[in-house]
Amino acid sequence: MSSEQKSQSQPGLDAPKAEGANRPSNPFSRFRAEPPPSYSVLLKQITSGKVKELELVPARREVIVTYPDGRTATVAILANDQQILRTAESSGTPLRVKDVRQEQALAGLAGNLALIVLIVVGLSLLLRRSAQVANKAMGFGRSQARTSPQSEVTVRFDDVAGIAEAKDELQEVVTFLKQPETFIKLGARIPRGVLLVGPPGTGKTLLAKAIAGEAGVPFFSLAASEFVELFVGVGASRVRDLFRKAKEKSPCIVFIDEIDAVGRQRGAGIGGGNDEREQTLNQLLTEMDGFADNSGVILLAATNRADVLDTALMRPGRFDRRIAVGLPDRKGREAILSVHARTRPLAEEVSLADWARRTPGFSGADLANLLNEAAILTARHQSTTLGNRELEMALERITMGLTAAPLQDGAKKRLIAYHEIGHALVAALTPHADPVDKVTLLPRSGGVGGFTRFFPDEEVLDSGLVTRAYLQARLVMALGGRAAEVVVFGASEVTQGASGDLQMVAQLAREMVTRFGFSDLGPVALEGQDQEVFLGRDLIHTRPSYGERTGREIDLRVRVLASDALQQAIQLLESRREQMDRLVDALIEEETLQSDRFYSLLGIDPPDRRPSLGQLPAWT
């Protein structure tokens, strides 16, 4: 590069420097905080007259310097510094002394007061919590019964249906409470206790409320499990407190639900029983019939396990009456449906009498659930009245479960169709068997691919008398599905679909041999229905009352009954193979065959028996 080019390029390189040198200073630089001067510099500034005034703060060992331009600075000094005083005096600089001890005292006092307030608040909260715990501890022995005054008990006997016999028995209790003088002048005394025994859902609690409502007396209600606590003696204390409150409001009714929670037999069980429960039971026995006079207090109790109650609790003078609250009959079910249908709009097509016939074995709670499920389905269908369709769907939902996705056409659907038609066809061809109500391939939740439903004989269910021919017919009906699989697909192609049927067959056949005497072993009851209450079946297995040889004979008779029933079902289906194939084709096409449709395809008249579905298991 030539010297001329260097001289030409040099101004270009120096231009930015010149530009930067001519830039204006930062306009905010004068607002930057300057560091305070050192002690020696401060003395020089005071001597030279560059300080306007000084303010000395001995408590903080500092001096506040004010300059003529208004700037201030704080400089630390030594304790009892005399140098700065002499320098300010010699230079004539004004100096003031500031006393901050009062401010510090006030700040310290405020801090101490805040600490005291915090301590007081904490102690008050702690004392309040301790008082609550103490009150709770003292309240352990108090009764937890819920008290309902006369005005709040609105249930009457008209609201309780299906248990007419129990209401008639309890009507005397109401008369005792309303007109005790009628019985007292004849020397009769008011019953001390009434025990309601029956299956769950039959209306025992509702019946107790109706008694209180009819008599117009206060009503105490609680569960027996509320007596027992972790602490020993609490249950007995609660029993005493309960009867004390009841005597204050005499005459009244005390209702204890599920009394078997505290009324079980004493001294039974592994380890000798529970001391707290036994103390509670002892106190209850004393209060019901002891030295204390509890006239005017009637104890109502409900249980579905009367067999486990202590004998001292069941004697006269404690529970004077034992009233059975069983499942309702046909008229009772119709009355229960009428009570629950008061608040539900039913379609004109619905006949409560027909639905009462179709629900044998249903309790009052089951019937209420039936109408409730039907109301839910009616709302889902956006309808205004409950019809037979919704009631039918509700019944199947209760007895068989929720609906599942329909089966697709294929081998599985045909296999299930043969299985269900096997049940239905065998039942139609077997004397003493229940008539067919419905055969369907619509699956249900829980793995049920389809089911066959029958009309069980309500007279048999109500009377409890079952003939040997009826039980043998049920064995053949139950094995109809397995027989259809053997006839159509062969013995090597049968499925596990009949597992539930086989369990039922094994149980029924064993009861026929060991309990009912329906075998050549003779009229001997080799096994009982009662199970050990306190010793669990899975924990301790009691030895049977018969010998090993008799056990082998029992097993042989059970197998013979099951095998004969299967062979009879196979023979019936082999002789009607064409009819079975025709019924299967119709079932696959229509997916559901009602009773009339099924018997019309079979070419026979349906049995002359009123429909009654019941809760007997449908064959799946």
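The values are calculated or read from the model by the stated rules, or taken from the named source; none is laboratory data. The structure presented is a predicted model; accordingly, all values stated were derived computationally and were not measured. Neighbour counts run over all protein chains shown; Cβ positions are idealised from the backbone, glycine included.
For the stretch 394-404, state whether one or more residues are touching a Pro at 6+ places or on another chain (Cβ under 7 Å), touching a residue at least 12 places away in the same chain (Cβ under 8 Å) and among the small types (Gly, Ala, Ser). Before the answer, list the steps.
Initial filter on the stretch 394-404 (touching a Pro at 6+ places or on another chain (Cβ under 7 Å)): 404.
Next, only the ones that are touching a residue at least 12 places away in the same chain (Cβ under 8 Å) stay: 404.
Now drop any that are not among the small types (Gly, Ala, Ser), which leaves 404.
The answer is yes, given that some residue of the stretch 394-404 is touching a Pro at 6+ places or on another chain (Cβ under 7 Å), touching a residue at least 12 places away in the same chain (Cβ under 8 Å) and among the small types (Gly, Ala, Ser).
Can you find a residue that is modelled with pLDDT under 80, assigned by TED's automatic domain parsing to the domain that holds ALA215 and among the β-branched types (Val, Ile, Thr) anywhere in the stretch 127-140?
No, every residue in the stretch 127-140 fails to be modelled with pLDDT under 80, assigned by TED's automatic domain parsing to the domain that holds ALA215 and among the β-branched types (Val, Ile, Thr).
Let me spell it out: the conditions are (1) part of a loop (DSSP other than H, G, I, E, B); (2) surrounded by 14 or more Cβ atoms within 10 Å (Cβ to Cβ), and ARG342 meets all of them except one. Which number is the exception?
Every condition holds for ARG342 apart from (2).
Looking at the structure I just gave you, is THR440 in contact with a Gly (Cβ under 7 Å, 6 or more places away or on another chain) and not assigned by TED's automatic domain parsing to the domain that holds ALA335?
Details: in contact with a Gly (Cβ under 7 Å, 6 or more places away or on another chain): yes; not assigned by TED's automatic domain parsing to the domain that holds ALA335: yes.
So THR440 fits the description; yes.
Kindly indicate the residue of the stretch 492-501 that is surrounded by fewer than 12 Cβ atoms within 10 Å (Cβ to Cβ) and small (Gly, Ala, Ser) and also nearest to THR452 (Cα to Cα) among those meeting that condition.
Step one: of the stretch 492-501, the residues surrounded by fewer than 12 Cβ atoms within 10 Å (Cβ to Cβ) are 492-493, 496, 499.
Now narrow it down to the ones that are small (Gly, Ala, Ser): 492, 499.
Working: SER492: 24, SER499: 15 Å.
Taking the candidates together, the pick is SER499.
Any residue at all in the stretch 374-386 that's of a type outside the set (Asp, Glu), surrounded by fewer than 15 Cβ atoms within 10 Å (Cβ to Cβ), in contact (Cβ under 8 Å) with a residue 24 or more places away in the chain and part of a loop (DSSP other than H, G, I, E, B)? Quick ask: steps written out before the conclusion?
Going residue by residue through the stretch 374-386, those that are of a type outside the set (Asp, Glu) are 374-386.
Checking the rest, the ones that are also surrounded by fewer than 15 Cβ atoms within 10 Å (Cβ to Cβ) come to 376, 379-385.
Those left that are additionally in contact (Cβ under 8 Å) with a residue 24 or more places away in the chain: 384-385.
If we keep only those that are part of a loop (DSSP other than H, G, I, E, B) as well, we get 384-385.
So far as the stretch 374-386 goes, yes, one or more of its residues are of a type outside the set (Asp, Glu), surrounded by fewer than 15 Cβ atoms within 10 Å (Cβ to Cβ), in contact (Cβ under 8 Å) with a residue 24 or more places away in the chain and part of a loop (DSSP other than H, G, I, E, B).
Quick one: count up the residues across the stretch 270-309 that are at pLDDT 75 or above, touching a Gly at 6+ places or on another chain (Cβ under 6 Å) and not in a helix (DSSP H, G or I).
Number satisfying all stated conditions: 3.
Checking the condition under 20 Å from PHE455 (Cα atoms) and not aliphatic (A, V, I, L, M), which residue from PRO345, PRO316, PRO328 passes?
Numbers: PRO345 fails: under 20 Å from PHE455 (Cα atoms); PRO316 fails: under 20 Å from PHE455 (Cα atoms).
Selected residue: PRO328, the only one of PRO345, PRO316, PRO328 that is under 20 Å from PHE455 (Cα atoms) and not aliphatic (A, V, I, L, M).
Condition check: surrounded by 14 or more Cβ atoms within 10 Å (Cβ to Cβ) and more than 20 Å from PRO35 (Cβ to Cβ). Does THR93 satisfy that?
Values: surrounded by 14 or more Cβ atoms within 10 Å (Cβ to Cβ): yes; more than 20 Å from PRO35 (Cβ to Cβ): yes.
Judged against the criteria, THR93 is a match.
Which count do you get for residues in the stretch 394-412 that are in a helix (DSSP H, G or I) and surrounded by fewer than 19 Cβ atoms within 10 Å (Cβ to Cβ)?
As a first pass, look at the stretch 394-412 and keep what is in a helix (DSSP H, G or I): 394-400, 411-412.
From what's left, surrounded by fewer than 19 Cβ atoms within 10 Å (Cβ to Cβ): 398, 411-412.
Adding up the residues that qualify gives 3.
Mind listing just one residue for me: the one in the stretch 188-205 that is among the aliphatic types (A, V, I, L, M) and within 13 Å of ILE163 (Cα to Cα) and, of those, surrounded by the most Cβ atoms within 10 Å (Cβ to Cβ)? Can you show your working first?
Here is the first cut: in the stretch 188-205, the ones among the aliphatic types (A, V, I, L, M) are 188, 190, 194-197.
Cutting the leftovers down to within 13 Å of ILE163 (Cα to Cα) gives us 196-197.
Values: LEU196: 28, VAL197: 20.
Residue satisfying both the conditions and the ranking: LEU196.
Quick grid of which residues meet (1) loosely packed, with under 15 Cβ neighbours inside 10 Å; (2) outside the structural domain of ASP310 (by TED's automatic domain parsing); (3) modelled with pLDDT under 85:
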site	(1), (2), (3)
LEU465	yes, yes, yes
TYR470	no, yes, no
LEU475	no, yes, no
GLY490	yes, yes, no
GLN503	yes, yes, no
VAL513	no, yes, no
LEU521	no, yes, yes
ALA525	yes, yes, yes
LEU535	yes, yes, yes
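Residue by residue through the stretch 220-251, note down the ones that are buried (at least 22 other Cβ atoms within 10 Å of the Cβ), modelled with pLDDT of 80 or more and outside any helix (DSSP H, G or I).
Matches in the stretch 220-251: PHE220 only.
How many residues are on the phi > 0 side of the Ramachandran plot and touching a helix residue (DSSP H, G or I) at 6+ places or on another chain (Cβ under 6 Å) when one looks only at the stretch 481-515?
Residues of the stretch 481-515 that are on the phi > 0 side of the Ramachandran plot, as a first pass: 490.
Checking which are touching a helix residue (DSSP H, G or I) at 6+ places or on another chain (Cβ under 6 Å) leaves us with none.
The number of residues fulfilling the criteria is 0.
Which of (1) in the same structural domain as ALA224 (by TED's automatic domain parsing); (2) outside any helix (DSSP H, G or I); (3) farther than 20 Å from THR202 by Cα; (4) of a type outside the set (Asp, Glu) is the odd one out, the single condition ALA312 does not satisfy?
If we test ALA312 against (1) in the same structural domain as ALA224 (by TED's automatic domain parsing); (2) outside any helix (DSSP H, G or I); (3) farther than 20 Å from THR202 by Cα; (4) of a type outside the set (Asp, Glu), just (2) comes out false.
Which of the residues spanning the stretch 563-585 are part of a helix (DSSP H, G or I) and crowded, with 16+ Cβ neighbours inside 10 Å?
Passing the criteria: ALA565, LEU566, GLN568, ALA569, ILE570, LEU572, LEU573, GLN579, MET580, LEU583, VAL584.
(1) more than 29 Å from PHE219 (Cα to Cα); (2) touching a residue at least 40 places away in the same chain (Cβ under 8 Å); (3) of a type outside the set (Phe, Trp, Tyr): which one isn't true of ARG322, the others all being true?
The number of the failed condition is (1).
Inside the stretch 252-266, can you point out the residues that are surrounded by 22 or more Cβ atoms within 10 Å (Cβ to Cβ) and part of a loop (DSSP other than H, G, I, E, B)?
VAL262, GLY263
Are there any pairs, at least 6 apart or on different chains, whose C-beta atoms fall under 8 Å, with the first in the stretch 33-54 and in the same structural domain as ALA76 (by TED's automatic domain parsing) and modelled with pLDDT of 80 or more and the second among the acidic types (Asp, Glu) and surrounded by fewer than 18 Cβ atoms within 10 Å (Cβ to Cβ), and if so, which?
Filtered contacts from the stretch 33-54: no entries.
For the stretch 45-89, which positions are loosely packed, with under 15 Cβ neighbours inside 10 Å and in contact with a Phe, Trp or Tyr (Cβ under 8 Å, 6 or more places away or on another chain)?
ALA76
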